[in-house]
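The values are calculated or read from the model by the stated rules, or taken from the named source; none is laboratory data. As the structure is a prediction and not an experimental result, all values here were calculated from the model. Don't worry about glycine lacking a Cβ; one is built from the backbone with ideal geometry, like all the others, and counts go over all protein chains shown. Please note that ligands, DNA and RNA were not included when accessible areas were found on the heavy atoms of the full protein model with its side chains. Shrake-Rupley method; radii C 1.70, N 1.55, O 1.52, S 1.80 Å.
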Amino acid sequence: MILLVPIGPIPIHLISWLEDKLGLYVDRPVKTGKAVPLPRQGYDEQRQQYTADAVMELLQGGSCPEAERIVGLIDQDCYSPDLNFIFGFAAVNDRESFVALPRLRPEFYELDENKCLVRQRVLKEVIHELGHTWGLSHCDNEACVMQFSNSVEDTDSKDTAFCQSCRAKIIP
Ligand SMILES: [Zn+2]
Ligand SMILES: [Zn+2]
């Protein structure tokens, strides 16, 4: 089972849509867990971003032994030491990962709101991070969800699904 964990406030429509759709792509049941508060540490006032480590620690500290994988969703901009910003982060071959929403929203780039587009982007990034937790690396296939996204344009142009070769590596 895959557990979605809202970290701080997350739009309900997004979570319930994700809970419905994600299972179709990852062949596992999906549930939403109780929301947890934002990390108490790890916020950089100057950057106005949370460190990925703080978010991961928060997820690793929660208990839910029956979850094969835990995916956090956070509506705060995040970074990791080697990247100015991240759409998501995963512990490779481990249980926890998360996706950060702000940069997946068109408003971040001064474009009009678009709920459907945001849902698709979040779905792709969640599947991408789950792929890392199952040991997948970035994929050169342009259509594959495991292709690295450096911008939302990259996210939009890739597919929601794993390519055949990635998929073959992670069949449950
Ligand atoms: Zn990646
Ligand atoms: Zn692939």
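Figures for the structure shown
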quantity	calculated
Checking Lys34 against (1) within 17 Å of Cys64 (Cβ to Cβ); (2) open to solvent by 20 Å² or more (accessible area, probe 1.4 Å); (3) part of a helix (DSSP H, G or I), the condition it does not meet	(3)
Only listed residue being without any contact (Cβ under 8 Å) to a residue 12 or more places away in the chain and more than 16 Å from ligand 2 (Cβ to nearest atom), chosen from Asp53, Asp112	Asp112
Single condition Leu101 does not satisfy, out of (1) touching a residue at least 24 places away in the same chain (Cβ under 8 Å); (2) more than 16 Å from ligand 1 (Cβ to nearest atom); (3) over 15 Å from Ile74 (Cβ atoms); (4) of a type in the set (A, V, I, L, M)	(3)
Count of residues meeting criterion [of a type outside the set (Val, Ile, Thr) and within 16 Å of ligand 2 (Cβ to nearest atom)] in segment 115-141	15
Some residue of segment 64-77 being in contact with a Ser or Thr (Cβ under 7 Å, 6 or more places away or on another chain) and not hydrophobic (A, V, I, L, M, F, W, C)	yes
Count of residues meeting criterion [part of a loop (DSSP other than H, G, I, E, B) and aliphatic (A, V, I, L, M)] in segment 155-172	2
In segment 146-161, residue farthest from Asn84 (Cα to Cα) [restricted to those that are touching a residue at least 40 places away in the same chain (Cβ under 8 Å) and within 13 Å of ligand 1 (Cβ to nearest atom)]	Thr155
Restricting segment 155-167 to residues that are open to solvent by 50 Å² or more (accessible area, probe 1.4 Å) and over 19 Å from Asp94 (Cα atoms), the residue that is nearest to ligand 2 (Cβ to nearest atom)	Ser165
Subset tally (residues that are touching a Gly at 6+ places or on another chain (Cβ under 9 Å) and modelled with pLDDT of 95 or more) for segment 90-115	6
Residues that are open to solvent by 40 Å² or more (accessible area, probe 1.4 Å) and either under 17 Å from Arg167 (Cα atoms) or of a type in the set (Ser, Thr, Tyr) (or both), drawn from segment 10-28	Ser16, Leu24, Tyr25, Asp27
Whichever residue in segment 142-154 is acidic (Asp, Glu) and part of a helix (DSSP H, G or I) and, among such residues, is nearest to ligand 2 (Cβ to nearest atom)	Asp154
